[in-house]
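Accompanying notes for the structure given below.
The values are calculated or read from the model by the stated rules, or taken from the named source; none is laboratory data. As the structure is a prediction and not an experimental result, all values here were calculated from the model. Please note: Cβ atoms are built from the backbone with ideal geometry, for glycine as well, and neighbour counts cover all protein chains shown.
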There are 2 protein chains.
Amino acid sequence: MTFLKILGYTAGFISMTSFIPQVYKTWKVKSAKDVSIQMFIIYSTSTFLWIVYGIKSDPVQYPICVPNTIVLFLSIAQVILKIKYDRAEKNAQK
Amino acid sequence: MTFLKILGYTAGFISMTSFIPQVYKTWKVKSAKDVSIQMFIIYSTSTFLWIVYGIKSDPVQYPICVPNTIVLFLSIAQVILKIKYDRAEKNAQK
């Protein structure tokens, strides 16, 4: 494996793991007031397009498909948690 | 330009813009309590590695370098804003 390939895989792996601390934090503090839901919706859209890109490539590009699938799930989880806790906070203020 | 290339550029462009709403929100509400600083530090690291990857590629891959440079700046801006507003909030509580 070349230096460049290792670099690419490392970069991909790191960007993939980056969403974990945000989802974990939201789940732990049960609040995502300051988190932008737009960011995660837009990011989910882009990961979805990357997955299609990877699948449509010939041969199928697993290094693109796999990390983006994981990030898509994390990103959607973040959107769901954000909606959930924003709603809970709103109800609590009533 | 092939369908696949257009798809790749679209996906890249969308992921690039995704960080704008978060930075804007933090700057506007002047709070980033619920935002994970780890996420943005890790993401900055990955964009930096992608930039190196793009530069070290032969020929230089501008579609990788350019969007990642923009996201690197946005991601660092988010880290700085987070530190700034967390500190301001802490001082206000004293």
TODO: For region B:10-33, name all the residues that are assigned to a helix (DSSP H, G or I) and within 7 Å of another protein chain (Cβ to nearest Cβ).
DONE: B:THR10, B:ALA11, B:ILE14, B:SER15, B:THR17, B:PHE19, B:PRO21, B:GLN22, B:LYS25, B:THR26, B:VAL29
- [ ] Would you mind stating whether B:ILE76 is closer than 20 Å to A:SER18 by Cβ, surrounded by 15 or more Cβ atoms within 10 Å (Cβ to Cβ), among the hydrophobic types (A, V, I, L, M, F, W, C) and more than 9 Å from every other protein chain (Cβ to nearest Cβ)?
- [x] yes
TODO: Find the residue count for region B:41-73, including only residues that are without any contact (Cβ under 8 Å) to a residue 12 or more places away in the chain and at the interface with chain A (Cβ under 10 Å from one of its Cβ atoms).
DONE: 9
Open item on the list: Considering only residues that are surrounded by 14 or more Cβ atoms within 10 Å (Cβ to Cβ) and hydrophobic (A, V, I, L, M, F, W, C), which ones fall in region A:50-65?
Closed with: A:TRP50, A:ILE51, A:VAL52, A:ILE64, A:CYS65
- [ ] Would you mention how many residues in region A:26-79 are at pLDDT 95 or above, out of contact with any helix residue (DSSP H, G or I) (no Cβ under 8 Å at 6 or more places or on another chain) and not hydrophobic (A, V, I, L, M, F, W, C)?
- [x] 1
